[in-house]
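Comments concern the structure below.
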Amino acid sequence: MRPYLLLPLLLVACQAPAQGPQDAAGSQPATSAASAPATAGTPVPSQDTTSEAQATAASPATAATTAAPAALKANVVRRWPHDTAAFTEGLQYVEGRFLESTGQVGQSGVRWVDPKTGRVLEQAATPTPGAFGEGVTFLNGRVYHLTWQDGEAYRLDQALQLQETYTYQGEGWGLAHDGQQLIMSNGSAALAFRDPDTFKVTREITVTDAGQPVTQLNELEWANGSIWANVWLQNRIARIDPQTGQVTGWLDASALAAEATQAAAAKGQQFTTDDVLNGIAYNAETHHFYLTGKRWPFVFEVQVSGNN
């Protein structure tokens with residue numbers, strides 16, 4: 001979510017637990033060819049993406065006590081249209097609509113979107129002028145919205161009118177909820193659970209895979225008792241145990257990123273290093289996920305399969 005000029009610092013930071021800015025550079029393009037784009041909203045045969053190798057191999061001692069994360073596949077069910085001007089920071093499926101937040105100074109905001117058409121139904125700018133908007137989530141009739149470096153979070157009503165402003169320390173990246181508490185990422189390996197009334201931290205977990213911290217946690221979603229997290233600069237999504245912080249599965253989305261890149265290029269839109277995978281929503285009725293990225297032309301509706 002960050003200006004491209006910060007990329008050299010980010011690349012250095014990635015060698016140690018990262019605390020720095022996020023969305024300035026994208027993952028390397030997938031080497032496998034993506035399927036040809038289909039008409040938005042048109043059912044297509046399911047297709048499996050290939051499982052990506054784990055970033056860190058478990059040591060014998062770790063493997064003996066902790067099961068390796070499952071290799072999960074994203075099987076495309078449909079492709080829905082997505083606003084190619086939307087620098088997506090957060091996504092949630094709420095009663096037949098998408099709740100989406102967007103970033104970039106001067107372009108940040110929150111919107112309700114019709115999934116079938118991609119049309120913006122209602123929108124509001126991030127309340128603080130000049131703030132870089134981040135994640136968003138909907139809980140108990142309220143919309144919560146983060147900022148990157150301004151240290152402010154906002155509670156809005158369903159009409160996207162400001163009700164309350166909260167403050168917090170550090171950066172804000174992704175936001176979700178488990179039905180009771182808000183869950184927030186800050187670009188590190190830490191996830192903070194927060195009281196939705198006061199925004200105060202109630203507990204924290206550190207996300208790990210094979211005993212190693214998984215940093216750059218970005219957009220979040222809650223589904224089937226697990227936290228799902230985009231990892232900035234990677235075309236895969238972590239499924240996380242909310243009690244232990246252990247990664248229990250990796251969902252490979254590299255084929256989706258490749259298809260989005262090709263579809264954008266076919267329409268004259270050349271992706272930059274900013275246009276990365278970011279956006280996870282879950283439909284509890286169909287048990288399907290919706291995955292997208294910054295300025296992507298599609299929201300992919302997928303069915304997740306694999307060793308669950």
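The values are calculated or read from the model by the stated rules, or taken from the named source; none is laboratory data. Since the structure is predicted, the reported quantities are computational estimates derived from the model, not experimental observations. Backbone-built Cβ (ideal geometry, glycine too); neighbour counts: all protein chains shown.
Evaluate the following for Asn235: is it within 17 Å of Ser101 (Cα to Cα) and under 13 Å from the mean Cα position of the chain (by Cα)?
It is false that Asn235 is within 17 Å of Ser101 (Cα to Cα) and under 13 Å from the mean Cα position of the chain (by Cα).
How many residues are under 18 Å from Ala68 (Cα atoms) and either at pLDDT below 95 or not in a strand (DSSP E or B) (or both) when one looks only at the stretch 237-263?
5
Can you tell me which condition Thr286 does not meet? The list is (1) in contact with a strand residue (DSSP E or B) (Cβ under 9 Å, 6 or more places away or on another chain); (2) buried (at least 19 other Cβ atoms within 10 Å of the Cβ); (3) more than 27 Å from Ala68 (Cα to Cα), and all the others hold.
(2)
Tell me which residues, restricted to the stretch 112-143, are under 21 Å from Gly179 (Cα atoms), out of contact with any Lys or Arg (no Cβ under 6 Å at 6 or more places or on another chain) and part of a strand (DSSP E or B).
Quick first cut of the stretch 112-143, residues under 21 Å from Gly179 (Cα atoms) only: 112, 134-143.
In the following step, the residues that additionally are out of contact with any Lys or Arg (no Cβ under 6 Å at 6 or more places or on another chain) were identified as 134-141, 143.
Within the stretch 112-143, Glu134, Gly135, Val136, Thr137, Phe138, Leu139, Val143 qualify.
When you go through Ala176, Ala159, Ala131 one by one, which is the residue that is touching an Asp or Glu at 6+ places or on another chain (Cβ under 8 Å) and under 15 Å from Arg111 (Cβ atoms)?
Ala159
Pick from the stretch 181-216 the residues that are assigned to a loop (DSSP other than H, G, I, E, B) and in contact with an Asp or Glu (Cβ under 7 Å, 6 or more places away or on another chain): which of them is farthest from Thr147 (Cα to Cα)? Steps first, please.
Within the stretch 181-216, the subset assigned to a loop (DSSP other than H, G, I, E, B) is 181, 186-189, 195-200, 207, 210-211, 214-216.
Okay, now just the ones that are also in contact with an Asp or Glu (Cβ under 7 Å, 6 or more places away or on another chain), so 181, 186-187.
Values: Gln181: 19, Asn186: 10, Gly187: 13 Å.
Within the stretch 181-216, the match that is farthest from Thr147 (Cα to Cα) is Gln181.
For the stretch 267-308, which residues satisfy the criterion of being of a type in the set (A, V, I, L, M) and more than 17 Å from Leu72 (Cβ to Cβ)?
Here is the first cut: in the stretch 267-308, the residues of a type in the set (A, V, I, L, M) are 276-277, 280-281, 284, 291, 299, 302, 304.
Correct list: Val276, Ala284, Val299.
Which residues, counting only those in the stretch 81-105, are touching a strand residue (DSSP E or B) at 6+ places or on another chain (Cβ under 9 Å), small (Gly, Ala, Ser) and over 17 Å from Phe271 (Cα atoms)?
Passing the criteria: Gly90, Ser101.
Checking Asp209 against (1) surrounded by 23 or more Cβ atoms within 10 Å (Cβ to Cβ); (2) closer than 25 Å to Tyr93 by Cα; (3) over 16 Å from the mean Cα position of the chain (by Cα): exactly one of these is not met. Which one?
(2)
Looking only at residues in the stretch 90-111 that are surrounded by fewer than 17 Cβ atoms within 10 Å (Cβ to Cβ) and in a loop (DSSP other than H, G, I, E, B), which one is farthest from the chain's Cα centre (by Cα)?
Top of the filtered list is Gly106.
Residue by residue through the stretch 248-280, note down the ones that are buried (at least 21 other Cβ atoms within 10 Å of the Cβ) and among the β-branched types (Val, Ile, Thr).
Thr261, Val276, Ile280
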